[in-house]
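One structure below.
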Amino acid sequence: MLIKNKAIQILFLVSLGCIIMSFIEGIIQPSYVYKSLIKLITFLSLILIYCLYNKDFSFFKVLKVHDKKDLLISITIGLAVYSLIILSYFIARNFIDLEQIASNLTEKENISKNSFIFVALYISFINSLLEELFFRGFAFIHLKKLIKEKYAYTFSSISFALYHVFIMSGWFSPALFILILFSLVIAGLIFDYFDRKTTIYNSWLIHMSANFAINTIGLIAFNII
């Protein structure tokens, strides 16, 4: 019963985090700086709330490097992911409205051409680490100790994808949006697989590489490169 209660707490807290950020993204729509601060406080607070009642989650364990060989593999895969996303962009660029994306970032996120580089660095390094800690370290690595692993895989990947719904709304055509949402579920499953040995560094490196690729497209959208 105790294990079941812990699992329910994680499912609830992660779902609550997604709902809060969906509300922030879809209704309040603050500038990116304030939104990032809210997300940082929300995700870390929800994990800490769990830790107040349960002493079995360890930040140290999920942030510890266990296998340097796995890290090298993750770096290699990260480079491949970066290349694949950039290649996919050039193949599908006729279906992507870069001007609309740049306009959306400026109006909705208050991100300008001058500030985009700093935002891109934050997204790539800090934001990706925060998301990996929440969706992989908390919602997968720890959750799979409490429920069947396949359910932890499913919950972590789907919640990760749904969390991005409001972030990307208005960026793509409906068909492409659905494809990207499905791709995020697959990406979540892949991230989970690389973190099965109880560390988030592997998925963080791949996630970071994907963000680098997306931010490269952003640089193109803002005519920086």
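Every number in this text was worked out from the coordinates using simple rules, so none of it is lab data. Note that this is a predicted model, so its numbers are computed, not measured. Cβ placement follows ideal geometry from the backbone for every residue including glycine, while neighbour counts extend to all protein chains displayed.
Treating r as the C-beta distance of Ser103 and Ile38 and R0 as 30 Å, the FRET efficiency rounds to 0.80.
Rounded to whole numbers, the Karplus 3J(HN,Hα) couplings from phi for the range 10-24 are 5, 4, 5, 5, 5, 4, 4, x, 5, 5, 4, 6, 5, 5, 5 Hz, using 6.51 cos²θ - 1.76 cosθ + 1.60 with θ = phi - 60°, and x at Gly and Pro. Axis of helix 32-53 versus longest Cα principal axis of the chain: the two differ by about 10°, to the nearest ten degrees.
Rounded to the nearest 10 degrees, the inclination of helix 98-109 to the longest alpha-carbon principal axis of the chain is 60 degrees. For the range 42-161, just say rounded, prolate or oblate: build the C-alpha gyration tensor, square-root its eigenvalues into a ≥ b ≥ c, call rounded for a/c under 1.5, and beyond that prolate if a/b exceeds b/c, oblate if not. The shape class here is prolate. For the chain, the Cα-based Rg and Dmax, in that order, read 17.5, 56 Å. A crude spin-label estimate for the pair Tyr193 and Ser31, with each label 7 Å from Cα along the Cβ direction, gives 4.2 nm.
Computed from Cα positions, the angle between helix 149-163 and the longest principal axis of the chain comes to roughly 30 degrees.
What's the ranking of 203-212, 93-102 by average number of surrounding C-beta atoms within 10 Å, highest first? Write out the running numbers ahead of the final one.
Numbers: 203-212: 23.9, 93-102: 13.9.
Highest-to-lowest ranking by the protection proxy: 203-212, 93-102.
With a cut-off of 15 Å between beta carbons, the residues surrounding Asn5 carry a summed charge of +3, where Lys and Arg count +1 and Asp and Glu -1. As a proxy for reagent exposure, ranking Asp56, Asp70, Asp195 by other Cβ atoms within 10 Å from fewest up yields Asp56, Asp70, Asp195. Each residue of the range 60-77 was assigned a 3J(HN,Hα) from its phi angle through the Karplus curve 6.51 cos²θ - 1.76 cosθ + 1.60 (θ = phi - 60°); the sequence is 4, 5, 6, 9, 8, 7, 9, 9, 5, 5, 4, 5, 5, 5, 5, 5, 4, 5 Hz, with glycine and proline shown as x.
Once the chain from Ile167 to Leu181 is taken as fully extended at 0.36 nm per residue, the excess over their C-alpha distance is 3.9 nm.
With the simple model of a label 7 Å out from the Cα in the direction of the Cβ, Ile73 to Ser112 spans 4.7 nm. Test of understanding: extend the Cα→C-beta vector of Ile3 to 7 Å, then name every residue of the range 137-168 with backbone N under 16 Å from that spot. Only 141-153 pass the distance filter.
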